[in-house]
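The values are calculated or read from the model by the stated rules, or taken from the named source; none is laboratory data. Quick caveat: nothing in here was measured; it's all calculated off a predicted structure. Reconstructed Cβ throughout: ideal geometry from the backbone, glycine too, with neighbour counts over all protein chains shown. For the accessible areas, the whole protein counts, side chains as well, though only heavy atoms, and no ligand, DNA or RNA atoms are used. Shrake-Rupley method; radii C 1.70, N 1.55, O 1.52, S 1.80 Å.
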Amino acid sequence: MTEKDAKRHETEERNMDLFMSALKTTVPVFLGYIPLGMAFGFLLDGAGYNWIYAFLMSLLVYAGSGQFLAVALLAAGAGLTEFVIATLLLNLRHAFYGLSLLEKFSGVGKVKPYLIFALTDETYALLTTTEVPAGGSKARFYLYIAALDHLYWITGSVLGAVLGSLLNLNLEGMAFVLTALFVVLTIEQYFNSSVRFPFIAAVGAGAISLILFSPDNMLLISIILGTLILMGREKMVPGNMHVDKEIRNKGVRKTQVAAAQPVQVQDSPQEES
């Protein structure tokens, strides 16, 4: 085996390890996207559309809750204007997601447009809580996560549309799978994070918005309110969000320095004499 072949084999092994790591990371999304995608497929078939439309929507639109909304609008005979306004309001939260991922997506190269397109709530949760394996490519790891999640959604929606044309099923309550999945990912993110204030701010903003506004309008308002709270706290207490992390890092460095220093043994008086 030549040196070139050896390097190529090593790169392939590293990429495979990276893919397996991404596959393990996306298992919770797989368990949620398959039944949720099937629910979308069932609903689309119930609205009178062929399974190929489920495939094309999941491949080219890939909007999760936006696709459920599209089915309802199609069934109601809504026009293009209603589609544009409703979809814009529903998915406007992704603008906030994008702002928080500017640093993570820096240096990912040619895959950046696809990462932006494939940024769902669940993929966002994984990208913000999962560290790239040591020695692995950040761009390739993020691409694997986004592409796997996309594949799960396509598979579930097509499977649901095909089965929906063959079976007569009761779909009541299936749309709640999306909410349940995101709650599970949020809880996991909470326990993996050393900073608790953003979660407290999110819960507070959601509760206030739900009390003051209707449930139909509270999502966007709570996102804006939570963002303003975090911005205000960051300005009042600069660097507060990173204090705990810096303290831990300093403690680790001190421990490493102390361990690296040689131990000095003093001679006893008897040995000197």
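A few points about this structure:
- Averaging 1/r over each pair of different alpha-carbon atoms in region 47-174 and inverting the result gives 16.4 Å, the Kirkwood hydrodynamic radius.
- With the simple spin-label model, which puts each label point 7 Å out from Cα in the Cβ direction, the LEU88 to LYS7 separation comes to 5.1 nm.
- Computed with a 1.4 Å probe over protein heavy atoms only, the accessible surface of region 103-143 comes to 50 Å² per residue.
- Cβ-placed point charges (K, R +1; D, E -1), dipole of region 84-145 about Cα centre in debye, nearest 20: 240
- Karplus-based coupling profile of region 2-13, in residue order and whole Hz: 6, 5, 5, 5, 5, 5, 5, 5, 5, 5, 5, 5, with θ = phi - 60° in 6.51 cos²θ - 1.76 cosθ + 1.60 and x standing for Gly or Pro.
- Split the accessible area of region 22-118 by element, probe 1.4 Å, and carbon with sulfur accounts for 73%.
- Charge context of LEU143, other residues only, Cβ under 12 angstrom, K/R +1, D/E -1: +3
- Projecting label points 7 angstrom from Cα along Cα→Cβ for GLU103 and PHE30 puts them 3.2 nm apart.
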